[in-house]
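J.: Below are the C-alpha cells for one structure; questions will follow.
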Amino acid sequence: MPSPFQRIGIIGKCGDPGIAVTLNELFRYLKTRGHDIVVDSQSAELITGADINGVHIERLPELCDLIIAVGGDGTFLAAARAAADFETPLLGVNLGRLGFLVDISPEQLSTRLDKILAGEFKSEQRQLLSTHIIRDHEIIHQQTAVNEVVVHRWVTPSMIEIVTSIDGVYLNTQRSDGLIVATPTGSTAYSLSAGGPILHPALNALVLVPLNPHTLSNRPIVIDDNVVIEIRFSQTKQINALVTCDHMEIPDVRINDKIVIKKAAKPIKILHPADHDFFHTLRSKLNWSGYPA
C-alpha cells in the first residue's frame, strides 16, 4: 500500500548544528523510501551530500502532505504556527529536554516512521488561539498561539491592573505580574509552571492563570474555549506591558489597548505513534511515580 504521505517537509531546530546527524539520517531514510522531500532553508544547510534548495518555513505546509519537526517543543510550535491555516499534519522528533509534543526519539526514528508512513498512527486535533491587539478600534497586531497567550508587566517594578471579560461579561480585576491564557496543549507549558492545572488535550477548554496575583484568592479558572476573552488595563497612568504568543513578543502595548483572544478558525493536526498514551507521557516527562510495587 502506498504511503498516505508522499511529499514530506522537514523543519529543524533553528540555529542548532547539533541536530545535523538526525537531520541527515531522516533525509536519507525518506529518500530511500522514495518520498519527495522539502526542507526549510536553515535545515537544508545542515544536510550533506545532496543538492537541496531550501524553502521558507511558511511555505512548507502548502507544499507537503506531512511536516516532521526535528528538535524540541519550540521547533514544533514554529511548525504548528506555520501550518495554522492549512490541514497539513505534524509529527515531532524529540531532541529537546521535555517534549510533550514531540514523542519520537532519534533512536526510534526508522522503526516508528516505518509504521506511521504506512498509515499506523494516532491523529488528534489541537485548538489554537488567535490574538488581536486593538487600538482606537483598529487591529494593530495579530498573532496565533499553540500553547498560550500571556500578558506580562514589562520593564517596570510595579504590578499591572488587568480587567478580564468573557463573552462581554465581566470576570474580574486583578493586580498581578500578568495573566496566562492557555490551551490544553499549553497547560503543560508556562501555565503548569505558574500553578495551573493540566488539561487533557481532548478537552474543549481554556485555562486562565494569574501570575503572582496581589490577592491570593485569585486562582486559575477553566472555561469553555468557544468564548471571546477581552483583556484591558485599569491603570490611569501609562504602563509598560508585553503580550507574548508562544514566546513571540508583541511589545509596546499601551494603557488604552484592548487584547482580544479567541479560538482560531482552524485546529492543527498532530500525528503520534499508534501506541501513544497521554498519561504515560505525563508520568515520563513529569517524573511521576509508576505502579505500586
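The values are calculated or read from the model by the stated rules, or taken from the named source; none is laboratory data. Since we're looking at a predicted model, the values are computed, not measured. We place every Cβ from the backbone using ideal geometry, glycine too, and count neighbours over all the protein chains shown. Ligands, DNA and RNA are excluded from the accessible area calculation, which covers all protein heavy atoms including side chains. Shrake-Rupley method; radii C 1.70, N 1.55, O 1.52, S 1.80 Å.
J.: Helix 73-82 versus the longest principal axis of the chain: what is the Cα-based angle in degrees, 0 to 90, to the nearest 10?
T.: Once rounded, one gets 90 degrees.
J.: Based on the inverse mean of 1/r over its pairs of different Cα atoms, what is the Kirkwood hydrodynamic radius of segment 57-116, in Å?
T.: Over segment 57-116, the inverse of the mean reciprocal pair distance is 11.7 Å.
J.: For segment 1-158, count all C-alpha to C-alpha pairs, find those more than 30 Å apart, and express that count as a whole percent of the total.
T.: When every Cα pair of segment 1-158 is considered, 20 percent fall beyond 30 Å.
J.: Choose one answer from Lys262, Lys13, Lys237: the residue with the largest mean-square fluctuation in a GNM of the chain with alpha-carbon springs under 10 Å.
T.: Lys237
J.: Let me make sure I get this right: for segment 19-78, a, b and c are the square roots of the gyration tensor eigenvalues over alpha carbons, sorted descending. Under 1.5 in a/c it's rounded, otherwise prolate if a/b > b/c, else oblate. Which is it?
T.: Because its axes are fairly even, with a/c under 1.5, segment 19-78 counts as rounded.
J.: Set the Förster distance to 25 Å, then compute FRET efficiency between Lys266 and Ser217 from the Cβ-Cβ distance, nearest 0.05.
T.: Approximately 0.10, to the nearest 0.05.
J.: Let me ask something else. According to the Kirkwood expression over distinct Cα-Cα pairs, how big is the hydrodynamic radius of the chain, in Å?
T.: Here the Kirkwood hydrodynamic radius works out to 20.3 Å.
J.: Order 56-63, 67-74, 34-41 from most to least packed using the mean count of other Cβ atoms within 10 Å.
T.: Those peptides, ordered most packed to least, come out 67-74, 34-41, 56-63.
J.: Once the piece of chain linking Asp252 and Glu45 is laid out straight, how much longer is it, given 0.36 nm per residue of separation minus the C-alpha distance between them?
T.: 71.0 nm
J.: Given a 1.4 Å probe and every protein chain left where it sits, what share in percent of the accessible area of the chain is carbon and sulfur?
T.: 49 percent
J.: Sticking with this one: Please state the charge dipole magnitude for segment 142-293, taken about the Cα centre, from unit charges on C-beta atoms (+1 on K and R, -1 on D and E), reported in debye and rounded to the nearest 20.
T.: 140 debye
J.: From largest accessible area down, sort Thr244, Thr111; use a 1.4 Å probe on the protein chains.
T.: Thr111, Thr244
J.: State, to one decimal in nm, how far the label point of His56 lies from the label point of Ile139, with both points 7 Å from Cα in the Cβ direction.
T.: 1.9 nm
J.: Tell me, in nm to one decimal, what length is gained between Ser123 and Thr111 on full extension, where the rule is 0.36 nm per residue of separation less the Cα-Cα distance?
T.: Roughly 2.5 nm would be gained on extension.
J.: Further question: Would you please classify the overall shape of segment 152-254 from the alpha carbon gyration tensor, given that a ≥ b ≥ c denote the square roots of the eigenvalues, rounded means a/c under 1.5, and beyond that prolate means a/b larger than b/c while oblate covers the rest?
T.: It is prolate, given that a/c is not under 1.5 and a/b is the larger ratio.
J.: Also: Using the Karplus curve 6.51 cos²θ - 1.76 cosθ + 1.60 with θ = phi - 60°, what ³J(HN,Hα) values do you get for each residue of segment 169-176, in whole Hz, with x for Gly and Pro?
T.: 9, 4, 9, 6, 10, 9, 9, 6
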